[in-house]
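Trainee: Below is one structure. I have some questions about it.
Every read-out reported here was derived from the displayed coordinates using simple, explicitly stated rules and does not represent laboratory data. Quantities reported herein were computed from a predicted structural model and do not represent experimental measurements. No Cβ is skipped: glycine too gets one built from the backbone with ideal geometry, and neighbour counts run over all protein chains shown.
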Amino acid sequence: MSDSHRQATAVNIVVRIRRLGDAWYRLLFFAARHVAWVTAAMRRQQFIHHCHWMLLPNRVLWFESNYDGDVVRYMDTFARIMPWRMRAAWTPTVGFPDMFPPAGFHQWTIDNAYETTSYWSAYPDATTRQIGRALRVLDAAEALPSPDADITPDEFARAWQRFVADTQLDL
């Protein structure tokens, strides 16, 4: 099962791999490390804090992730935006029902999720989007003229107006 800690949720999914599946995962993991487009769609998802896949002995796959939201919505998002990647990731596992219709996929996800017993978050009250917005505002604020800058009040007012205009969607 997934476990929420304020804004973030952790999930651990542990599943058995079908015969020859471990060779497929070794190839897939190699491609994910060396071919950027394999993981590009996942890396663009702003709600993911962390995601990791690992092959364990005896043909077992362990997937762990920390993200904003609940596990069903998390898996649904991937099924919609990158279905062939999800199939590549989960089809070699025992009992994978495909993602559509989603009810079977949801139940499979819940049935194979394990309780998270340890969890740490640097910003437990913030989502990854909120942290990204805060960092963009900070970067823009650091670009403002310093208090001891040799500029006129009008020049500072223009810089401030640019700052507010550039960061208004992040404030």
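Trainee: From the phi of every residue in region 109-117, what ³J(HN,Hα) in whole Hz does the Karplus formula 6.51 cos²θ - 1.76 cosθ + 1.60 yield, where θ is phi - 60° and glycine or proline is x?
Mentor: Result, rounded to whole Hz: 4, 5, 5, 9, 8, 10, 4, 8, 9.
Trainee: Now, a different point. Taking Rg/Rh (Cα atoms, Kirkwood Rh) straight from the coordinates, which label in [x] 1.50; [y] 1.14; [z] 1.00 is the correct one?
Mentor: [y]
Trainee: Which far-off residues, 5 or more places away or on another chain, put their amide H under 5 Å from the one on His49, with H placed in the peptide plane?
Mentor: Asn66, Tyr67, Asp68
Trainee: Put a dot 7 Å past each Cα toward the Cβ at Arg158 and Met54; how far apart are the dots in nm?
Mentor: Modelled inter-label distance: 5.6 nm.
Trainee: Rounded to the nearest 500, what is the chain's calculated 222 nm mean residue ellipticity when only DSSP H runs of at least 4 contribute -39500 (n - 2.57) each, over all residues?
Mentor: Helix contribution divided over all residues of the chain: -15000 deg cm²/dmol.
Trainee: Tell me which residues come under 5 Å, amide H to amide H, from Ala126 once H is placed; ignore anything under 5 positions away on its chain.
Mentor: Correct list: Gln7.
Trainee: Then there is this: Given Ala103, Ser65, Thr128, which one lies farthest toward the positive end of the charge dipole of region 49-171, if we put +1 on the Cβ of every Lys and Arg and -1 on the Cβ of every Asp and Glu?
Mentor: Ala103
Trainee: What is the diffusion coefficient of region 128-167 in µm²/s, taking the Kirkwood radius over Cα pairs and the Stokes-Einstein relation at 10 °C with a viscosity of 1.306 mPa s?
Mentor: 145 µm²/s
Trainee: For the chain, modelled as a Gaussian network with Cα springs under 10 Å, which listed residue fluctuates most, Gln46, Gln161, Gln130?
Mentor: Top of the fluctuation ranking is Gln161.
Trainee: A follow-up question, please. Considering only Asp154, Asp76, Asp98, give the residue with the highest GNM mean-square fluctuation for the chain, with springs between Cα atoms whenever their separation is below 10 Å.
Mentor: Among Asp154, Asp76, Asp98, the largest GNM mean-square fluctuation belongs to Asp154.
Trainee: Mind telling me which of Val72, Val35, Val60 comes out most flexible in a GNM of the chain, alpha-carbon contacts under 10 Å?
Mentor: Val35
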